[in-house]
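Comments concern the structure below.
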Amino acid sequence: MNVEQERELVERAKNNTEAFGELYDQYYSQIFGYVLKRTASIEVAEDVTSEAFFKALKNLRQFRWRGVPFSSWLYRIASNEIANYFTKSKPWQSSPEEVSNSMNLSDPSAETEFLQAEAELRRLEEFLTVHENISKLKLKYQEVIVLRYFEDKQLKEIGEILGKREGTVKSLLHRGLEKLRKLTE
Amino acid sequence: MNKEELIEKLKSAELPKIELQSHRRQLRIALLNADYSERQPEVTISDLMKSKVRGGIERMREGLVSPRPVWKTALVTTLAVALAFGLAIGLPPLIGQSPELRAAEIAQNSPDVIAALGGDEVETVRILNIEDNMATVVVEGKMGGIVNALVDLYTKAVTQAVVGPQLTDEEEEQALNIATADPRVQELLDRGAVIDLVLPMYVTFSGVNQETGEIEEITETWAQMWMNLGNRQWGVQVDLIRGKVVSVTD
């Protein structure tokens, strides 16, 4: 989908549920993946992604096209939701009961998929170790590091997502890496 | 470990490529079944009157104390009429008989307003002020056009419908640059707030012409932007002419 097609789709989605569904299909994986890399929790990623898309749906009519990709707007909402999550809660520590309560127990396949996903995530030891250190940084450093190195975004795009100037992003990245380096020593 | 090694480590880490089809399906269904009428923020006109518009205008007045160099620093009068085009909210439900709701209903159904919008459909209606049965209403069309309407609540008619200001792309970029250079805005951005909207606003005030000594009315186009963080919202008024943020209000 090129920029013009996306723009047209976004405009249609403001009044058409099916068009919003197309946008959702286009960006669900990206947003879920980003939230998962930020939180390292399947359950939190599900919740935050859901919240982010509902906010996008609710506020879509306020979205104005200013040359910034729609995906950046979605990333921005997701980043805000992650910030909300971190400021409202303690680091995620679910008991097995909480995990099972949060799932749709009437859907055995969903439960199986969830458990498989948890197992898959636990297998990624290197990522989890890196994430653990990143999660000790302030949120402003976490988001630029994850967007730059895990999401492979350029500084300009990170600036668009976070509403910061490119120079600010560069400076945050530099300081964040320095702090992360000290944590990994 | 030096910085380059750390970057290499970050880049080479095996990242989760997990996707839950069940969650994807369930969320899609939930989103598509969501009532479209619930899309818009639940803000009523009266809420707006109390929390945003009046406060905004009052703060605008306070902020109008640094006119351009040609004018004397001190303003002769505190009369400052700010026709702010700064709030973007959903069209509130037009029920009830409060003056605000009546004004909104009259404005959005006015042929003059629709004509000024170039026949566009109304998207948002904002009440800026009601005084002596006259309401100042801002109507925004779906295509982004803005009309400032004066509504006579006694005769239930729109007495004036004027096309509002527009910001060029350059002015919008200028406003963003000015705002993001401001330490107050920077602090909010650092806390995770985002700039959601940049809209034009007219500012009219009286000042003394230093050359003639006479009081004259000055009208300028400024920018107003809205920043959001969670449930909190800040309005940022940017004086494009003097290149500074006039106020940041919660």
Original post:
What is the fewest-to-most order of A:LYS164, A:LYS37, A:LYS138 by other Cβ atoms lying within 10 Å of their Cβ?
Top reply: A:LYS138, A:LYS37, A:LYS164
Original post:
Across peptide B:2-15, how many C-beta atoms of other chains are within 10 Å of each residue C-beta, on average?
Top reply: 6
**OP:** Mind ranking A:63-76, A:4-17 by how tightly packed they are, going by the mean number of other C-beta atoms within 10 angstrom, highest first?
**Re:** A:63-76, A:4-17
Original post:
For peptide A:124-133, how many partner chain Cβ atoms fall within 10 Å of a residue's Cβ, on average?
Top reply: 3
Subject >> Extension gain (nm, one decimal) between B:GLU173 and B:ALA157, 0.36 nm per residue minus Cα-Cα >> reply: 2.0 nm
**OP:** May I ask you to list the GluC sites (Glu not before Pro) in the range B:156-250 that are in a DSSP loop and have at most 14 other Cβ atoms within 10 Å of their Cβ?
**Re:** B:GLU211, B:GLU214
Original post:
What is the mean number of Cβ atoms from other protein chains located within 10 Å of the Cβ atom of each residue in peptide B:22-34, rounded to a whole number?
Top reply: 6
**OP:** Would you mind getting me the FRET efficiency between B:ILE215 and A:LYS58? Use the beta-carbon distance for r and R0 = 51 Å, nearest 0.05.
**Re:** 0.60
**OP:** Subtract the Cα-Cα distance of A:ARG66 and A:GLN154 from 0.36 nm times their separation in residues, and report this length gain in nm to one decimal.
**Re:** 29.9 nm
Subject >> Relative contact order, percent, chain A [alpha-carbon distance under 8 Å, six or more residues apart] >> reply: 21 percent
Original post:
Listing B:MET134, B:MET225, A:MET1 from the residue with the fewest other Cβ atoms within 10 Å to the one with the most, what is the order?
Top reply: A:MET1, B:MET134, B:MET225
**OP:** Using the structure shown, list the pairs from A:LYS14/A:LYS55; A:LYS37/A:LYS136; A:LYS182/B:LYS9; A:LYS153/B:LYS9; A:LYS58/A:LYS153; A:LYS136/A:LYS170 with a Cα-Cα distance above 23 Å, or answer none.
**Re:** A:LYS58/A:LYS153
Original post:
Residue separation times 0.36 nm, minus the C-alpha to C-alpha distance between A:ASN84 and A:SER135: what's the value?
Top reply: 16.9 nm
Subject >> Ranking of A:PHE32, A:PHE114 by count of other Cβ atoms within 10 Å, fewest first >> reply: A:PHE114, A:PHE32
**OP:** Pop the C-beta distance of A:VAL3 and B:MET1 into the FRET formula with R0 = 30 Å and round what comes out to the nearest 0.05.
**Re:** 0.15
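A short reminder: the numbers here are calculations on the coordinates, not readings from a lab. Please read these numbers as outputs of a predicted model, since none were measured by experiment. Glycine also receives a Cβ, built like all others from the backbone with ideal geometry; neighbour counts cover every protein chain displayed.
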